[in-house]
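What follows draws every value from the coordinates through simple rules; no lab data is involved. Source: prediction; values computed, not measured. Positions of Cβ are generated from backbone atoms using ideal geometry, with glycine treated the same way; all protein chains shown enter the neighbour counts.
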Amino acid sequence: MVGDKINYVIAVKTKSGIEVEFPAVKEKLGDFFVKDHRDSQNEIFGRKNIERRYSLQSFTPGKVVVPKVILKYKIKQAFPAKQKLSLSR
């Protein structure tokens, strides 16, 4: 519904030694106003779980789509050639 708050989560799971960079938080994400955001990270047994949670609100009637978000990452240490970076939206 128009004006309802929507929770939007970007979750990244990777091995330790990879640094993930989320884009800068702005006042808007597409047609959505960013009401709040928070980041969390935990590391267990050499695996990192990183999340950015947004609380979004839109006053645009009809179908509204959350735009693509581009993440950057840096490998801080050498890994075998088959390193996986798993993203979910």
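With P(r) over Cα pairs in 10 Å bins from 0, in percent in mind, check (1) 15, 43, 26, 13, 3; (2) 15, 41, 24, 13, 7, 1; (3) 11, 24, 22, 21, 15, 7, 1 and report the label derived from this structure. Computed from the coordinates, P(r) over Cα pairs in 10 Å bins from 0, in percent corresponds to (1).
Converting phi to 3J(HN,Hα) with the Karplus coefficients 6.51, -1.76 and 1.60 and the offset θ = phi - 60°, the range 38-48 yields 8, 10, 9, 8, 9, 9, 9, 6, x, 10, 10 Hz in sequence order, with x at every glycine or proline. Look at the dipole of the chain built from charges on Cβ: of Val64, Ser40, Leu29, the Cα furthest out on the positive end belongs to Ser40.
Computed on the chain, with alpha-carbon pairs under 8 angstrom and 6+ residues apart, the relative contact order is 45 percent.
Other residues lying with their Cβ under 14 Å from the Cβ of Ala24 contribute a combined charge of +1, Lys and Arg counting +1, Asp and Glu -1. The magnitude of the dipole of the chain, with charges of +1 and -1 set on the Cβ of Lys/Arg and Asp/Glu and taken from the Cα centre, is near 400 debye.
Determine the alpha carbon to alpha carbon distance for each of Lys28/Lys63; Lys48/Lys72; Lys28/Lys76; Lys26/Lys63; Lys15/Lys63; Lys26/Lys74 and list only those over 25 Å. Flagged as over cut-off: Lys28/Lys76; Lys15/Lys63.
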